[in-house]
1. Give me the aspartates and glutamates in straight-line cross-link reach of Lys65: C-alpha distance below 19 Å, same-chain residues under 8 apart excluded.
2. For Glu115, enumerate residues with amide H under 5 Å from its amide H, sequence gap 5+ or separate chain, H modeled in the peptide plane.
3. Quick one: which residues, 5 or more positions from Leu179 or on another chain, have an amide H under 5 Å from its amide H? H modelled 1.01 Å from N in the peptide plane, none for Pro or chain starts.
4. So which of Lys63/Lys108; Lys46/Lys108; Lys124/Lys156; Lys124/Lys255; Lys63/Lys156; Lys46/Lys66 end up more than 23 Å apart, counting from Cα to Cα?
Amino acid sequence: MMCKSFFIHFASAILFSVQAQGPAMTFAEIEMLLSVQMTDEVILAKAKRSGKPVELATEEMIKLKKAGASDGLIRQLLTVGTASGSPQPAAAGQTVATNQREIGVYLKRGEEWVELLTEVVNFKSGGAIKNLASAGVVKKDLNGLVVGQHSRNSAKTPLEFLIVAPEGVGATEYQLLRLRENKENREFRSVTGGVMNAQSGAMRDMVPFEGTRIAPRQFQVLLPANLGAGEYGFLPAGGASGGGVVGMPTGAQGKMFTFRLVE
């Protein structure tokens, strides 16, 4: 009798486990969630419930991209439940192994490191952005425009980030910028020629921060609690596209790790 009871409980546990995972998320489900502007975090959370990567054909990936899905979202959907998928939880202060982290910026949320998904930045010369929302642009300013009013990455204080930089790049080569919202876009004023050559107007949107090296290519960033609600972004050297922030030409594009700080 005891053996039979044990077998029944064991079989039930296996059945429950299989049912709890369920089938992998489908292309149609992702497309539907994007159509109502569901956040990347919610889409990924649903995908992770199955523990299985999403099977996407090339044509479907193109359709998702056109529907507003970021490269980071598509990559994470394709790697759900695999070794190269989302970052694993790490204890506070614990060094994150570089072979488990791709180049990028990660936000500490509870005991988990969450990758900040990137957004495309359109760069303009100082004078060209006056028609958007800015006035009194300083010569040699680098101006950036990010489409959309809000970042899909949300954050709350306390703010702890991990920057995993390319080989030979330090935390000082990243700029933390406050993004100024208008009706449909976010814009910022940055620096050409390096921070040391910047005039006062070019520093308007820059937020000072310190990056503490905790491992090769890894830098811990702690931001103050009084930073203030709003839109922010980490702009890496080269705008994450290899173009180079210094002397970025008008019309060039780069990428920025954005987040929205909510109260």
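1. Once the sequence-local aspartates and glutamates are set aside, what remains near Lys65 is Glu29, Glu31, Asp40, Glu41, Glu55, Glu115, Glu119.
2. Those lying under 5 Å, H to H, from Glu115 are Leu107.
3. Those qualifying (amide H under 5 Å, at least 5 residues apart or on another chain) are Glu231, Tyr232, Gly233.
4. From the list (Lys63/Lys108; Lys46/Lys108; Lys124/Lys156; Lys124/Lys255; Lys63/Lys156; Lys46/Lys66), the Cα-Cα distance tops 23 Å for Lys63/Lys108; Lys124/Lys156; Lys63/Lys156.
No lab work stands behind these numbers, since they all come straight from the coordinates. Predicted, not measured: the structure shown is a model, and the values here were computed from it.
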